[in-house]
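What follows is a short report on a single structure.
The values are calculated or read from the model by the stated rules, or taken from the named source; none is laboratory data. Nothing here was measured: the structure is a model prediction, and the numbers come from that model. A quick note on method: Cβ atoms are made from the backbone with ideal geometry, for glycine too, and the neighbour counts reach across all protein chains shown.
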Amino acid sequence: MKSKHIPRATIQRLAVYLQVLEALNDEEIEVVSSEALARACDVNPSQIRKDLAYFGEFGVRGVGYYVAKLIQSIKVSLGTDRIWRTALIGVGNLGRSLLRYKGFPKRGFQVVAAFDCDPFKIGETIAGLEVMCPRRMKENVKDMRIEIGIITTPTDRAQRAANYLVESDIHCILNFSAARIHVPDHVFVEYVDFFHHLYALTFKLNTSAVQRFESFSKN
């Protein structure tokens, strides 16, 4: 890595590049030009070159990028060239869907434990995992080498779930609940809220409708 100060947007685009490159690799495409990769990722070639330059020198002038090699380089940069062991808290509909999702290992993650405070769910087996009480989390995290926690609880239980993770010495949390959780400074939290994307879409639709109306009014 050539720089320690990397914009968040660059990290997000790297994930897109990786997804596109893996699709190309599945099609047994060995080399891709910067122009073709840029079109597939919906960015311009200079943006790809700028993003990759944070991590090193990639590509061959006049040839392009070797797909398999670039996939591996991006995985190393993102830290997904290994498997990250993960625990999920909240075995509702969303939690169950994530536990049954088969794409985690391919992306570098493996859910190895599931927790829920509902006594009717504790002891149930989902996708090969026995649902455990969160009170048992601390004793299991170290033995199971868990490094990341995923919260899929209802909003009013998210902070308690976060507390269990922090007390179990988990430093990375992915929060699917609508609650904003409070954690110590050394704990990293990412939020997943699909409404943010829906709001972006409605804003674009609304703006487009206003522009069409103003254009029609002028005519």
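For this structure, a couple of remarks:
- Total residues in segment 205-219, condition among the charged types (D, E, K, R) and modelled with pLDDT of 85 or more: 0
- With respect to (1) closer than 25 Å to L18 by Cβ; (2) not polar (S, T, N, Q); (3) not in a helix (DSSP H, G or I), the lone exception for L201 is condition (3).
- Restricting attention to segment 173-193 and to residues that are among the β-branched types (V, I, T) and assigned to a loop (DSSP other than H, G, I, E, B), the residue that is modelled with the lowest pLDDT turns out to be V192.
- The listed residue being in contact (Cβ under 8 Å) with a residue 24 or more places away in the chain, more than 30 Å from L37 (Cα to Cα), assigned to a helix (DSSP H, G or I) and assigned by TED's automatic domain parsing to the domain that holds R160, out of L88, L94: L94
- Residue within segment 77-90 that is touching a Gly at 6+ places or on another chain (Cβ under 7 Å) and among the basic types (K, R) present: yes
- Of all residues in segment 146-172 being hydroxyl-bearing (S, T, Y) and part of a helix (DSSP H, G or I), the one that is nearest to A114 (Cα to Cα): Y164
- Flag if T80 is of a type in the set (S, T, Y) and part of a strand (DSSP E or B): no
- Test: residue in segment 113-125 that is among the aliphatic types (A, V, I, L, M) and more than 21 Å from the chain's Cα centre (by Cα): yes
- Checking each residue in segment 46-72 for being over 24 Å from the mean Cα position of the chain (by Cα), surrounded by fewer than 16 Cβ atoms within 10 Å (Cβ to Cβ) and not β-branched (V, I, T) picks out S46, E57, R61, G62.
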